[in-house]
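See below for the structure under consideration.
The values are calculated or read from the model by the stated rules, or taken from the named source; none is laboratory data. Just so it is clear, the structure is predicted and the values come from calculations on it, not from any experiment. Here the Cβ positions follow ideal geometry from the backbone for every residue, glycine too, while neighbour counts run over all protein chains shown.
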Amino acid sequence: MNLKTFILILIIGNCSLTSFSQGLFKYFKWTAYSDGAERIDHLVVDFNTDRFQELPAGVEQGYFNFGVNVSLFHDHPINKKGSLAWAIGVGYSGLNIHHNARFSYTVDANNDIHTVWQPYPDGLEYNKNKINLNYLEVPFEIRIRSMKESVEDRSVANFRLYLGFKGGYLVNSHTKFRDAETKVKVYNIRNLLMYRYGPTVRIGFKKVALHGFYSLTSIFQEGKGPALYPFSIGLTWMRL
């Protein structure tokens, strides 16, 4: 490869990267639209407490398990004022659930490995014991909101009702145990289901809303682990 060819490749690559970044910014535009209905709530951050619907005998979970979801949406108004819209985006979520148990494994007659969730013995003292799951997600929402009449205030939505659905792919999983002397983190829990999906809802005023999500899938593959269906409730902060 000669110098001229190398320089030409660099110029083309730089132009392509610039065009891609500009196109991406334009798609997820955060500034005001002057040629139509206002598009709002591009950046959505959920602060949740995560829980499982049902637990194996003897297993208990924490009452408050802090989790965060961050999503970047593209808002598509359906009517002229923008009070009805649909939105699609990309997101990243972190599910954390504290509990009093440990994951272990059994092997059946067919040499299939099964994941078991059993409580620790009574009297065992520890500072932290949790499971963490992280998903890369694609959320979709139907957005109903009240909009101001004036052009200057049309980006201010007083009431919001956002009904949606999202699907995600598991990108990280681990457990963390810590007592007074040791700290143990175990990655890649066996038999986890690599995806999840379920409905979402947000209801609120201005930039703050209540948020809920219920997974229609267990975190484990059917028949290879406990049936654990997580759900999340919390507060949403919306910007841009």
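For the reader, a short list of remarks on this structure follows.
- Of all the listed residues (V68, V45, V59), the sole one being among the aliphatic types (A, V, I, L, M), more than 23 Å from R143 (Cβ to Cβ) and touching a strand residue (DSSP E or B) at 6+ places or on another chain (Cβ under 8 Å) is V59.
- Counting residues in segment 58-71 that are touching a residue at least 24 places away in the same chain (Cβ under 8 Å), crowded, with 18+ Cβ neighbours inside 10 Å, assigned by TED's automatic domain parsing to the domain that holds R143 and part of a loop (DSSP other than H, G, I, E, B) gives one or more.
- Tally of residues being among the charged types (D, E, K, R) and under 15 Å from N48 (Cβ atoms) across segment 200-238: 1
- Residue in segment 151-159 that is loosely packed, with under 15 Cβ neighbours inside 10 Å and not in a loop (DSSP other than H, G, I, E, B) present: yes
- Candidate set from segment 72-106 (those that are touching a Lys or Arg at 6+ places or on another chain (Cβ under 8 Å) and of a type in the set (A, V, I, L, M)); member that is surrounded by the most Cβ atoms within 10 Å (Cβ to Cβ): A85
- Which numbered condition R190 fails, given (1) in a strand (DSSP E or B); (2) in contact with a Ser or Thr (Cβ under 9 Å, 6 or more places away or on another chain); (3) at pLDDT below 95: (1)
- Options Y195, Y214: the member that is touching a Pro at 6+ places or on another chain (Cβ under 7 Å), under 18 Å from S93 (Cα atoms) and aromatic (F, W, Y): Y214
- A single entry from D112, D75, D122 fulfils the requirement of being within 27 Å of the chain's Cα centre (by Cα), among the acidic types (D, E) and over 17 Å from F213 (Cα atoms): D75.
- Members of segment 219-239 found to be of a type in the set (D, E, K, R) and either farther than 26 Å from F47 by Cβ or assigned to a loop (DSSP other than H, G, I, E, B) (or both), listed by number: E222, K224
- The residues of segment 96-140 that are of a type in the set (S, T, N, Q) and in a loop (DSSP other than H, G, I, E, B), listed by number, are N100, N110, N111, N127.
- For R143, the conditions (1) buried (at least 19 other Cβ atoms within 10 Å of the Cβ); (2) basic (K, R); (3) over 28 Å from L43 (Cβ atoms) are fulfilled apart from (3).
- The residue list R196, R202 contains one member that is of a type in the set (K, R), touching a Gly at 6+ places or on another chain (Cβ under 7 Å) and surrounded by 16 or more Cβ atoms within 10 Å (Cβ to Cβ), which is R196.
- Residue selection: T115 satisfies the criterion of being among the polar types (S, T, N, Q) and surrounded by 14 or more Cβ atoms within 10 Å (Cβ to Cβ).
- Selected residue (criterion: nearest to N127 (Cα to Cα)) from residues of segment 172-186 that are loosely packed, with under 12 Cβ neighbours inside 10 Å and of a type in the set (A, V, I, L, M): A180
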